[in-house]
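The values are calculated or read from the model by the stated rules, or taken from the named source; none is laboratory data. As the structure is a computational prediction, the values presented were derived from the model and not from experiment. FYI the Cβ positions are ideal-geometry reconstructions off the backbone, even for glycines, and counts take in every protein chain you see.
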Amino acid sequence: MAAYIDMSRIPYIPGRLHATNNPYQRYGPKGFMEIKVLNNDNLYVRVDLPGVPDDAIRYRVDAVRQKVVFFSGEETHRDGYKAEEVREYSGTAGLGCDCCEITGVDAKMKDGVLRMILARVKVKDHDKKCTHFLPLNTGKSGRYDVNSFNWVEVESHPFVVKGRKDTLASQRTSDGCFHFSVDMPGVCGDDMFVLPNENEIKFYGENKEVHEHDESCRIFLGAVSNRQCCSYGIPLLNHNISWDAEFGVLKVRVSPPPRNNNE
């Protein structure tokens, strides 16, 4: 079955960035983390941990039952990428009050996103509804608009304790190949696409399976210029362009054509 991309689903958004945490996110919930109160008063926590395998996340409730500590092993390491780019994560999320306790955690890691349902109970002030949680103002990353003077730097990932903190990483290896990887948390490998032309390598991703507590899907779109990834004097489309994707990370390899022995 042929794959296709419905580009009409990408809304027009003025300015360069839709989310300061990911310069390639064009649509959907923003921020490295999102926390919201559900109808049953439990907390929903979504944390972006791109590159982490589905079975590599660990978590625990701390001694005073006020927060959940989550951490990961190393993300999957692929050939052609520097060891220092392999990331590890650690962070916390939970209550910002002293009237509730966390009684249970239902956690699932998929496509580089950790989603948790934190069950909680009121232990005092039972007549008052509690809406406090930590960290505050999560999921509120904005964008900067080239038509305004509000220029915002792209944020580094706050939960990375080892490895790169940027959304995109690139390098050129000694054999003349160019590698780059892009974080698209929540997007499975089958829904990431690479679209090269003579001027650039475009990439696209969309998480089509939206979680029940997410407000919408997320769409990512960006490009790497041929000036960055071409070998000197060789057109981009003459290169061998290959890619793979797993755990919310797209990895692309651009290799120059083999040398002609007659030259």
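Annotation note: Cβ proximity below 7 Å between a residue of the stretch 17-38 that is closer than 11 Å to residue 154 by Cα and a residue that is outside any loop (DSSP other than H, G, I, E, B) and polar (S, T, N, Q) (sequence gap 6+ or interchain) occurs for 18/25; 19/25. Selection over the stretch 244-263 of residues that are more than 24 Å from residue 18 (Cα to Cα) and crowded, with 18+ Cβ neighbours inside 10 Å gives a count of 2. Can you report the number of residues in the stretch 64-109 which are within 30 Å of residue 174 (Cβ to Cβ) and modelled with pLDDT under 85? Of the residues in the stretch 64-109, 14 are within 30 Å of residue 174 (Cβ to Cβ) and modelled with pLDDT under 85.
Of all residues in the stretch 230-254, those satisfying the criterion of being touching a residue at least 40 places away in the same chain (Cβ under 8 Å), of a type outside the set (Gly, Ala, Ser) and either part of a strand (DSSP E or B) or touching a Ser or Thr at 6+ places or on another chain (Cβ under 8 Å) (or both) are 241, 243, 244, 246, 247, 249, 250, 251, 252, 253, 254. For the stretch 208-229, the set of residues classified as in a strand (DSSP E or B) and either out of contact with any strand residue (DSSP E or B) (no Cβ under 6 Å at 6 or more places or on another chain) or under 18 Å from residue 192 (Cβ atoms) (or both) consists of 219, 220, 221, 222, 223, 224, listed by residue number.
Screening the candidates 112, 139 for the property of being on the phi > 0 side of the Ramachandran plot and modelled with pLDDT under 90 yields one hit, 139.
Residue count for the stretch 148-186, restricted to those that are out of contact with any Leu (no Cβ under 8 Å at 6 or more places or on another chain) and either among the aliphatic types (A, V, I, L, M) or part of a loop (DSSP other than H, G, I, E, B) (or both): 24.
Can you pull out the residues in the stretch 207-242 that are aromatic (Phe, Trp, Tyr) and surrounded by fewer than 18 Cβ atoms within 10 Å (Cβ to Cβ)? Residue satisfying the conditions is 232 alone. For the stretch 182-192, the condition of being surrounded by 17 or more Cβ atoms within 10 Å (Cβ to Cβ), over 15 Å from the mean Cα position of the chain (by Cα) and closer than 14 Å to residue 252 by Cα holds for none of the residues.
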